[in-house]
Amino acid sequence: MPQSQYVKLADIYDYLMAGIDYEEWADYLEQLLERYSVRADRIADLACGTGNTTLPLAARGYEVYGIDIAPAMLAKARQKAGEQGLAAVFLEQDMRDLELPVPMDLVTSYHDGLNYIISPDDLCLVFKKAYRSLRPGGLFIFDMNAVEKLSGAGGDTTFADDEDMSLIWETSYDREADIWEIRLTGFVKQNGLHEKQGGLYEKFVETHREKAYKSDQILGFLREAGFVVRDVFHGFSFDPPRHDSRRIFYAAQKNNQGDKTND
């Protein structure tokens with residue numbers, strides 16, 4: 001996952017995600033903790049981006065560590081934490097090289113972050129790193145895009161336009177490799193001025209690639225890492241996945257005997 005993928009996107013990411021209620025996401029996470037009778041004082045949030053999933057947890061009193069590979073995203077997260085007066089530690093790390101300073105009670109990852117790991121071997125490695133980062137009995141809770149969402153997303157072009165920016169998404173889908181590619185072209189207003197014809201808009205182009213994994217693959221990787229799989233849910237519910245599920249949550253638990261796997 002190259003860092004350059006998020007250099008310009010970091011500036012507009014919160015604008016794109018403005019319609020998401022991240023407090024509801026934190027509510028759902030706490031419901032899962034209650035379901036499994038796990039007390040999670042210390043949480044690591046993988047692929048935390050600009051901190052939208054991390055900071056609501058910090059506001060609720062958890063000791064939180066936000067992990068991301070993109071410095072531009074982390075800079076936004078730290079800025080928001082400071083503005084909100086919240087204590088959160090943000091670390092620049094590749095998930096495949098995850099090293100946390102203390103054992104976690106919970107490791108989580110939201111919103112496509114793990115779909116960006118396009119090598120199956122690397123995804124299995126991330127699961128092993130998450131396992132190693134947890135205390136015995138700790139939980140790993142994450143969601144991933146379903147195959148149906150990605151495979152139905154190819155060959156489209158969509159637009160968004162307002163007075164501050166114009167964005168164009170061009171998508172394609174490689175069915176043999178199960179890779180969804182998104183080419184984002186943006187024109188973002190500079191210096192607080194609005195004059196498209198005056199050259200005051202900065203153009204950028206970023207390409208993002210996500211991998212569609214079948215649920216059986218994910219479950220196999222979790223078990224190989226040493227986890228006990230507790231549940232698989234249709235997004236933000238306690239129902240099993242459906243044929244039209246676009247987001248699937250996985251809840252896995254580290255065994256109480258500690259580490260038993262090797263990288």
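The values are calculated or read from the model by the stated rules, or taken from the named source; none is laboratory data. Model, not experiment: these values are computed from the prediction. A quick note on method: Cβ atoms are made from the backbone with ideal geometry, for glycine too, and the neighbour counts reach across all protein chains shown. Only protein heavy atoms, including side chains, enter the accessible area calculation; ligands, DNA and RNA are left aside. Shrake-Rupley method; radii C 1.70, N 1.55, O 1.52, S 1.80 Å.
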Given pairs Lys80/Lys128; Lys128/Lys211; Lys129/Lys189 and cut-off 29 Å on Cα-Cα distance, the over-length ones are Lys80/Lys128; Lys129/Lys189
Dipole check, the chain, charges on Cβ (K,R +1; D,E -1), about Cα centroid: among Phe236, Ile179, Ala225 the Cα furthest to the positive pole belongs to Ala225
For 95-107, 46-58, 160-172, ranked highest to lowest by mean beta-carbon neighbours within 10 Å, the order is 46-58, 95-107, 160-172
Rounded to whole Å², per residue accessible area for the chain with a 1.4 Å probe reads 47
Matching label for the computed mean projected area of the Cα convex hull in nm², out of (1) 14.1; (2) 24.9; (3) 16.2, is (1)
So the carbon and sulfur contribution to the accessible area of the chain, 1.4 Å probe, in percent, is 46
For 133-142, 206-215, 19-28, ranked highest to lowest by mean beta-carbon neighbours within 10 Å, the order is 133-142, 206-215, 19-28
By the mean-Cβ-within-10 Å protection proxy, highest first, 67-77, 236-246 rank as 67-77, 236-246
Taking a straight Cα-to-Cα line shorter than 13 Å from Lys214, and setting aside same-chain aspartates and glutamates fewer than 8 residues away, one finds Asp143, Glu148, Asp178
Karplus-derived 3J(HN,Hα) from phi for region 86-98 (6.51 cos²θ - 1.76 cosθ + 1.60, θ = phi - 60°), whole Hz, x at Gly and Pro, runs 9, 8, 8, 9, 10, 10, 7, 8, 7, 4, 6, 10, 4
Sorted by chain and number, the residues with a modelled amide H under 5 Å from that of Thr53, at a separation of 5 or more or across chains, are none
Note to self: Kirkwood Rh of region 74-134, Cα pairs, one decimal, Å, is 13.1
